[in-house]
Amino acid sequence: MKIAFTTKGIDWDSKMDPRFGRTEFILVYDVEKEDFTHVDNRSIADQAHGAGPKTAQLLFDLKPDVLITGNGPGGNAATVLEKANLKIYIGAGDMTVKAAYEAYKNGNLKEG
Amino acid sequence: MTTSIVCLIERLKMKIAIASGKGGTGKTTVATNLAKYLSENRKVVLVDLDVEEPNSGLFLNGSLMNQKEMFKKIPNWESENCTLCGKCQSVCNFNAIMKLGENIMVFPELCHSCYACSELCPTQSLPMIPMKMGMLTEYKVEQLGFVGSKLDIGQEQAVPLIAQTLDYVDEMYSDDYLKLYDAPPGTSCPVIEATKDADFIFLVTEPTPFGLHDMKLAVETMRELKKPMAVIINRYGIGDAEVEAYCKVEGIDIIANFPNQRYIAELYSQGKLIYPHVPEFKAELLKAADYCKHLVKEN
């Protein structure tokens, strides 16, 4: 199973990025392999319009099973994510990646 | 005096946009009162271009002349001949079209109707189709022509509606008309669209630090567009004298100071024009009209 996080860094101790469309990084944790990969999304700052669907497209291609984020995706992004067939959990915007993962495992995050 | 000013303005074939940096400074108050007053003696059309929240019409009770649904064109994906090459998404500056697996997805609210994806599609799989974005209404208020457009709820792009509203006005109203545009606040794309066609800009501000801060942004924007401009201070008497100091340094004329009065706010809240009821307000309105006389002389 692969879990995607919206983050401000690329390891367990990084802070989560509460934003979905304009998140700095997407961190993907492979639960079975216990392995991290990441995508640098910082160039999204150059996009004046449509950051949400653009980042959602990235997730569509990464094909994670779960997305853990902060504020949750907006309307256009949600339309894309529906097609990506993944579970979304929100409310982890103020946590570290590690704390967000623990909160997810313990069932403490809200479904988005 | 009034008559001579109006006679001179009568010769003025001009488009004046009434803009501001900060919202809520009194653009609509200035636009509706100036338009109605000038229309007593000459041809005037007022155009409400603040299509996201138009409100000029609240102060002008006239008879409905025309109502028109407004459309923009958006691409519509036809899958039959599409090779999923992805050209459409790579040429879109607005992320309004996306390839998702075996599908092409269009986000109508993000689309700026630039036609790039449609024109550059190698298999012509993206014909443009009309989508309703808003409504234009046209009124006659005694002698005053009034045109205003309103964006539909959920629509994000004000620019195409502003552009089409201006096209309508240019088509329906000859150059005999003085054209006054009530512009949106701020300095973003809708403001550029509403002012780029104007010959002169009136910037309405309030004499407060916040008003000055946003007015400076508006001044910089209008300078970038190479537009001549003058400032109108509304709610004069509150705040400080910094707006006047700034205008002096920058060489920008202040053409009227509309007073801050509770009674004016009461009239406004009742949807009434101010100048028929408040002589101090009308005196300042005459100054704004007088300024137009100077513009004619300079031309």
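The values are calculated or read from the model by the stated rules, or taken from the named source; none is laboratory data. Because the structure is a prediction, the values reported are computed rather than measured. Reconstructed Cβ throughout: ideal geometry from the backbone, glycine too, with neighbour counts over all protein chains shown. SASA here: full protein model, heavy atoms, side chains in, ligands and nucleic acids out. Shrake-Rupley method; radii C 1.70, N 1.55, O 1.52, S 1.80 Å.
In the stretch A:21-32, which residues are within 14 Å of chain B (Cβ to nearest Cβ) and closer than 20 Å to residue A:109 by Cα? The one that is within 14 Å of chain B (Cβ to nearest Cβ) and closer than 20 Å to residue A:109 by Cα: A:21.
The set of residues in the stretch B:241-282 being within 25 Å of the chain's Cα centre (by Cα), closer than 18 Å to residue B:207 by Cβ and among the small types (Gly, Ala, Ser) consists of B:256, B:265.
Sub-9 Å Cβ pairs linking a first residue in the stretch B:84-99 that is more than 8 Å from chain A (Cβ to nearest Cβ) and under 17 Å from residue A:59 (Cα atoms) to a second residue that is in a loop (DSSP other than H, G, I, E, B) and among the aromatic types (Phe, Trp, Tyr), at least 6 apart or interchain, are B:97/B:77; B:97/B:107, ordered by first then second residue. When the stretch B:110-131 is filtered for residues that are more than 25 Å from the chain's Cα centre (by Cα), open to solvent by less than 40 Å² (accessible area, probe 1.4 Å) and aliphatic (A, V, I, L, M), the ones remaining, listed by number, are B:116, B:126, B:128. Condition first: over 28 Å from residue B:116 (Cβ atoms), out of contact with any His (no Cβ under 7 Å at 6 or more places or on another chain) and free of Cβ contacts under 8 Å to residues at least 40 places away in the same chain. Can you find one or more residues in the stretch B:54-71 that meet it? Checked the stretch B:54-71: at least one residue is over 28 Å from residue B:116 (Cβ atoms), out of contact with any His (no Cβ under 7 Å at 6 or more places or on another chain) and free of Cβ contacts under 8 Å to residues at least 40 places away in the same chain. In the stretch B:100-117, of all residues being more than 10 Å from chain A (Cβ to nearest Cβ) and outside any loop (DSSP other than H, G, I, E, B), the one that is nearest to residue B:80 (Cα to Cα) corresponds to B:104.
Condition (residue is assigned to a loop (DSSP other than H, G, I, E, B) and open to solvent by 40 Å² or more (accessible area, probe 1.4 Å)) applied to the stretch B:65-75: is it met by at least one residue? For the stretch B:65-75, residues assigned to a loop (DSSP other than H, G, I, E, B) and open to solvent by 40 Å² or more (accessible area, probe 1.4 Å): absent. With respect to (1) within 14 Å of chain A (Cβ to nearest Cβ); (2) outside any loop (DSSP other than H, G, I, E, B); (3) under 27 Å from the mean Cα position of the chain (by Cα); (4) β-branched (Val, Ile, Thr), the lone exception for residue B:169 is condition (1). Only residues that are out of contact with any strand residue (DSSP E or B) (no Cβ under 7 Å at 6 or more places or on another chain) and either exposed (fewer than 13 other Cβ atoms within 10 Å of the Cβ) or without any contact (Cβ under 8 Å) to a residue 12 or more places away in the chain (or both): list them for the stretch B:132-147, please. Result: B:142, single match.
For the stretch B:30-51, the set of residues classified as touching a helix residue (DSSP H, G or I) at 6+ places or on another chain (Cβ under 7 Å) and open to solvent by 20 Å² or more (accessible area, probe 1.4 Å) consists of B:41 only. The set of residues in the stretch A:10-25 being open to solvent by less than 10 Å² (accessible area, probe 1.4 Å), touching a helix residue (DSSP H, G or I) at 6+ places or on another chain (Cβ under 8 Å) and touching a residue at least 60 places away in the same chain (Cβ under 8 Å) consists of A:16 alone. With respect to (1) open to solvent by less than 50 Å² (accessible area, probe 1.4 Å); (2) modelled with pLDDT of 95 or more, the lone exception for residue B:296 is condition (2).
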